[in-house]
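The values are calculated or read from the model by the stated rules, or taken from the named source; none is laboratory data. Everything numeric here is computed off the predicted structure, so don't read it as measured data. Cβ: placed from backbone, ideal geometry, glycine included. Neighbour counts: every protein chain shown.
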Amino acid sequence: MRLACWAFAAALLFAAPAASQNAADRTFGPGRVGAIVKGATKPEDLARIYGAANVKMAKMSPQDGGEEDIPGAFVHHMTDDSLQITFSDDGKKILSITILGKNWRSKEGLRIGTPIDQLERINGGPFQLYGFGWDFGGQVFARGRALRGYDIFLAPTADGGKVREQVIGEGKYSSRHPAMKVLRPQVNLITVLFGP
């Protein structure tokens, strides 16, 4: 009898993983953002986790620059807890979650506002990034284990005048390029990839 009770409790635990997670959790990692877990959380779970008033369904522009909008949702829109979530075309699967609010942090310390030198420490060394001033400007290409599973973008926090022209456009530049000391880029976008 005792074994049957334990088996039933385990079945309940694994049957509804999203419901058992803490909606107040503001941490993220590869395949997980707060109470949203890759492969376990479905789009219809969002209102149950975060409250219907905090979830706004919307059409999103695809990050890859595609023509057609895709289904998605904003959670805690326009707050320091804000997330932008994209779904598969049929709306049944979460594909990615973009961290927009400054309250979210990875265990390594990645967050909106992370300065470029701290991002190097998290990465375990320098990295490449696209030049600024275009659609994919500031996109990071890092190989460190702590940054795998994310799309990360940086934006300058200082104008830099003519120095900025040294790191503009579609070329890739080192995070140690001298212009970075003047421009002082910080993380302004983090997308956690959940995959197809």
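Note on the stretch 143-156: among residues that are more than 15 Å from the chain's Cα centre (by Cα) and part of a loop (DSSP other than H, G, I, E, B), the one that is farthest from residue 110 (Cα to Cα) is 156. When 112, 36 are checked against the criterion of being crowded, with 18+ Cβ neighbours inside 10 Å, farther than 20 Å from residue 188 by Cα, out of contact with any Leu (no Cβ under 7 Å at 6 or more places or on another chain) and touching a residue at least 40 places away in the same chain (Cβ under 8 Å), 36 stands alone in meeting it. Hey, could you check the stretch 70-106 for residues that are farther than 16 Å from residue 30 by Cα and hydrophobic (A, V, I, L, M, F, W, C) and say which is surrounded by the fewest Cβ atoms within 10 Å (Cβ to Cβ)? Once the filter is applied, the top-ranked residue is 78. From 195, 138, 171, 131, grab the single residue that is closer than 23 Å to residue 80 by Cβ, touching a residue at least 40 places away in the same chain (Cβ under 8 Å) and not charged (D, E, K, R). Of 195, 138, 171, 131, the one residue that is closer than 23 Å to residue 80 by Cβ, touching a residue at least 40 places away in the same chain (Cβ under 8 Å) and not charged (D, E, K, R) is 138.
Quick grid of which residues meet (1) under 15 Å from the mean Cα position of the chain (by Cα); (2) at pLDDT below 95:
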position	(1), (2)
2	no, yes
5	no, yes
18	no, yes
22	no, yes
34	yes, yes
40	no, yes
65	no, yes
81	yes, no
96	yes, yes
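Within the stretch 151-183, the set of residues being at pLDDT below 95 and surrounded by 18 or more Cβ atoms within 10 Å (Cβ to Cβ) comprises 160 only. Return the residues of the stretch 165-181 that are in a helix (DSSP H, G or I) and touching a Gly at 6+ places or on another chain (Cβ under 8 Å); say none if nothing qualifies. Listed by number, the residues that qualify are 167, 179.
Given the structure, is residue 87 within 16 Å of the chain's Cα centre (by Cα) and aromatic (Phe, Trp, Tyr)? Yes; evaluated as a whole, the condition is true for this residue. Would you confirm whether or not the stretch 67-74 contains a residue that is at pLDDT below 95, assigned to a loop (DSSP other than H, G, I, E, B) and within 19 Å of residue 188 (Cβ to Cβ)? No.
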